[in-house]
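*Asks:* Can you keep this structure in mind? I'll have questions shortly.
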Amino acid sequence: MIDKAAVLAQARETLGIESRAVECVAERLGDDFVRAVEVLLAMHGRAIVCGIGKSGDVGRKLSGTLASTGTLAYFMHAAEAVHGDLGMLSRDDIAILITNSGETEEIVRLLPIIKRRGAAIIAICGRRDSTVGRAADVVLDASVEREACPLNLAPTSSAIAELALGDALAMALMGARGFSVQDFGATHPGGQLGKRVLLRVEDIMHGGADNPTLSLDATVEEALLAMTNAAVRGAVAIVDDDGVLRGLFTDGDFRRLMQKETDRNAVMSRAMSEVMTKRPTAVPVGTLAIEVVNLMDEREFDNVPVVDADGGAVGMLDVQDLMKAGLV
């Protein structure tokens, strides 16, 4: 049996050491960090992020974060660099070298070549006075008091400090560029993130011949037929002679109407202008689809008409459309 108390104590100690490491990194931020942001903002090429081991894992994450938030970036493994990958580096690029000791052999070997290429160097480093630190144009101090490893050997606190510093750099660049939600969506077209920031009502609505519309003098019977035959079940938009949305008639409206009327046969011949929901809630073209999800949830709607700038009924959204799009 394991000692549960000892296990939890070790876990809490690890988290405490690592959280303090991040706090210390934050406290040391200053002109060097600002300079790094300035250099990357002025860059004409790409940020080539380089590391090996755990620092390499951090580098892969940093290059991905930079690339997805507006900074051209690529990861270069330090060991592969000397076997041809260094060919990706140009004078317009900036090398971001990640090394805790600043003496990592594979990275130190790259310094003369990077210098000859004329690329600037930003070091995320645990020792400013190391070989890498001295060679860098800008040094971001990622030093830690100790590793969270009980033996003070396995890269733990140092890797977390590098990771947090890299994230801080990427987010500062993102803010300085004015990187928007739409920009973020453009780099994340797949999955929920992309759908939330890119998908608009016109992308998934039923429009054209699939958009059920009727005139103000159409009857309840005609509305039922339209709802039955249309791609959108359960609702029909009511429009005037110019196609402007004037009302909405749903299967729920029909049920409520039948409950109130004693002469149910007469109901079928009544005009839409008498029984429709007037001035229904509608959304304009260009609305984010995720906003309609929230609207439908708040007001318990199953259908929402889509209108153009002139109020024309150009489409109909059904809750099923949102479900198929993966938004519900």
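Readers should treat all values here as calculations from the given coordinates under stated rules, not as data from a laboratory. Given the structure is predicted, the values throughout are model-derived calculations rather than measurements.
*Asks:* Which cross-chain or sequence-distant (5 or more) residues have an amide H under 5 Å from the amide H of Val314, H modelled 1.01 Å from N in plane?
*Replies:* Val306, Val307, Asp308
*Asks:* Excluding same-chain residues fewer than 8 positions from Lys278, which lysines have a Cα within less than 22 Å of its Cα?
*Replies:* Output for Lys278: Lys260.
*Asks:* Using θ = phi - 60° and the Karplus relation 6.51 cos²θ - 1.76 cosθ + 1.60, list the HN-Hα couplings for the stretch 104-114 in order, rounded to whole Hz, with x at every Gly or Pro.
*Replies:* Karplus-based 3J(HN,Hα) across the stretch 104-114 equals 4, 4, 5, 7, 4, 5, 7, 4, x, 5, 4 Hz.
*Asks:* Using a Debye calculation, one point per C-alpha and no hydration shell, please list log10 I(q)/I(0) for the stretch 201-324 at q = 0.21 Å⁻¹ in order.
*Replies:* For the requested q values the scattering log ratios are -1.18.
*Asks:* In whole Hz, with x marking every Gly and Pro, tabulate ³J(HN,Hα) for the stretch 126-136 from phi via Karplus 6.51 cos²θ - 1.76 cosθ + 1.60, θ = phi - 60°.
*Replies:* Running phi through 6.51 cos²θ - 1.76 cosθ + 1.60 with θ = phi - 60° gives x, 9, 5, 8, 7, 4, 5, x, 6, 7, 6 Hz.
*Asks:* Are there any helices in the chain, counted as whole DSSP H runs, that stretch 27 Å or more along their axis by Cα and score at least 1.0 on average by Kyte-Doolittle, and if so which? Can you show the working numbers first?
*Replies:* Numbers: long enough: 4-28 (36 Å, 0.05); 157-177 (30 Å, 1.06).
Helices passing the filter in the chain: 157-177.
*Asks:* Using the Kirkwood radius over C-alpha pairs as Rh, can you work out the diffusion coefficient of the stretch 137-181 via Stokes-Einstein at 10 °C, viscosity 1.306 mPa s, in µm² per second? Write down the numbers at each step before the final one.
*Replies:* Details: Rh = 12.2 Å.
Diffusion coefficient, whole number: 130 µm²/s.
*Asks:* With the contact rule set at Cα under 8 Å and sequence spacing of 6 or more, what percent relative contact order holds for the chain? Present the calculation step by step, with values, prior to reporting the outcome.
*Replies:* Values: 584 pairs, mean separation 45.2, N = 328.
Taking the mean separation of contacting Cα pairs over the length of the chain, I get 14 percent.
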